[in-house]
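**Student:** Before we start, here is the structure in question, set down as structure tokens.
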Amino acid sequence: MRRVVIYMTALLMTALAGLFYVSGCSRAEKLERGVAKQVTVSAAMSLKDVMEEIKTLYSAQGAAINLNFGASGTLQHQIEQGAPVDIFISAAKKQVDDLDRKGLIDPSTRKNLLGNEVVLITPQAVDLVKDFKDLLKPEVKKIAIGNPEVVPAGKYAQETLVSLNLWNGLQQKLVFAKDVRQVLHYVESEIVDAGIVFFSDAVSSGKVRIAAKASKDLHQEVIYTAVVISYSEEKEAALNFLRYLAGPETAKVFAKYGFTPLATGR
């Protein structure tokens, strides 16, 4: 019986050694071909549609991109907690500045990638609101904006309403959303009478109407900032993708979705 046990143990160890060898060879081969390298991108929710298309275009070149979307402030907190992220694209500079102060980004890779506009929207069939001041009308019961604490679109909305001296008078009507796409959903579903989103979000929907655009002097300039995270394990692959995002091919894609491509290094 002892001999049988020893024999079976030897067989098991041999099998495991073979398995580890095959796995090691497989990973080595994948690394040699570049297949094992995957870049994880945490991007502002307003970029969801356009980044999905860009991912498809880039994947055709043999590179794997993982996308994670959310409010820029939420994504910032995830990175601060050590989330496995290689590239962060925020809808505002603030979140990247905060990470920079904590040493969590590679400053040399930072790019001002895109611009956008802030717009007031209503459900397609509703003609009640034609200007920001119309939000004070008693018929307007609910207005959705992103939570200004974590959603850049919500912060820009707050700044716009403050600049127009409307913020205090609208407090009882405001509905705070977790991200800009939730604001869009509330308006599309007529859960609210109006909402404030980015121009790119508004044009992505056939169920809303742009009632007004916020003048650029009413809020901070909308700049989407992209950067490689300092603890990324795929920095070279991440930087290659970041260069691609700032290139001429993607500029056309971004423009198609309502964004304004910015010159690199701005």
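**Student:** Could you list, ordered by first residue, the pairs with Cβ atoms under 8 Å in which the first is in the stretch 130-158 and among the basic types (Lys, Arg) and the second is modelled with pLDDT under 95, at least 6 apart or interchain?
**Tutor:** Going by the 8 Å Cβ cut-off, the qualifying pairs are Lys137/Leu128.
**Student:** Is it the case that some residue within the stretch 101-116 is free of Cβ contacts under 8 Å to residues at least 60 places away in the same chain, open to solvent by 40 Å² or more (accessible area, probe 1.4 Å) and within 14 Å of the chain's Cα centre (by Cα)?
**Tutor:** No: zero hits.
**Student:** Now for a separate question. Return the residues of the stretch 225-249 that are more than 17 Å from Asp86 (Cβ to Cβ) and touching a residue at least 24 places away in the same chain (Cβ under 8 Å); say none if nothing qualifies.
**Tutor:** Within the stretch 225-249, Glu249 is the sole residue that qualifies.
**Student:** While we're here: Is it the case that the stretch 38-50 has a residue that's modelled with pLDDT of 50 or more, buried (at least 16 other Cβ atoms within 10 Å of the Cβ), part of a loop (DSSP other than H, G, I, E, B) and of a type in the set (Gly, Ala, Ser)?
**Tutor:** Looking through the stretch 38-50, none of the residues is modelled with pLDDT of 50 or more, buried (at least 16 other Cβ atoms within 10 Å of the Cβ), part of a loop (DSSP other than H, G, I, E, B) and of a type in the set (Gly, Ala, Ser).
**Student:** Would you confirm, using the coordinates I've provided, whether Glu80 is over 13 Å from Thr250 (Cβ atoms) and among the acidic types (Asp, Glu)?
**Tutor:** In short, yes.
**Student:** Across the stretch 236-266, what is the number of residues that are touching an Asp or Glu at 6+ places or on another chain (Cβ under 7 Å) and either among the basic types (Lys, Arg) or outside any helix (DSSP H, G or I) (or both)?
**Tutor:** Residues in the stretch 236-266 being touching an Asp or Glu at 6+ places or on another chain (Cβ under 7 Å) and either among the basic types (Lys, Arg) or outside any helix (DSSP H, G or I) (or both): 1 in total.
The values are calculated or read from the model by the stated rules, or taken from the named source; none is laboratory data. These figures come from a predicted structure and were not determined experimentally. Reconstructed Cβ throughout: ideal geometry from the backbone, glycine too, with neighbour counts over all protein chains shown. Just the protein is used for accessible areas: all its heavy atoms, side chains included, with ligands, DNA and RNA removed. Shrake-Rupley method; radii C 1.70, N 1.55, O 1.52, S 1.80 Å.
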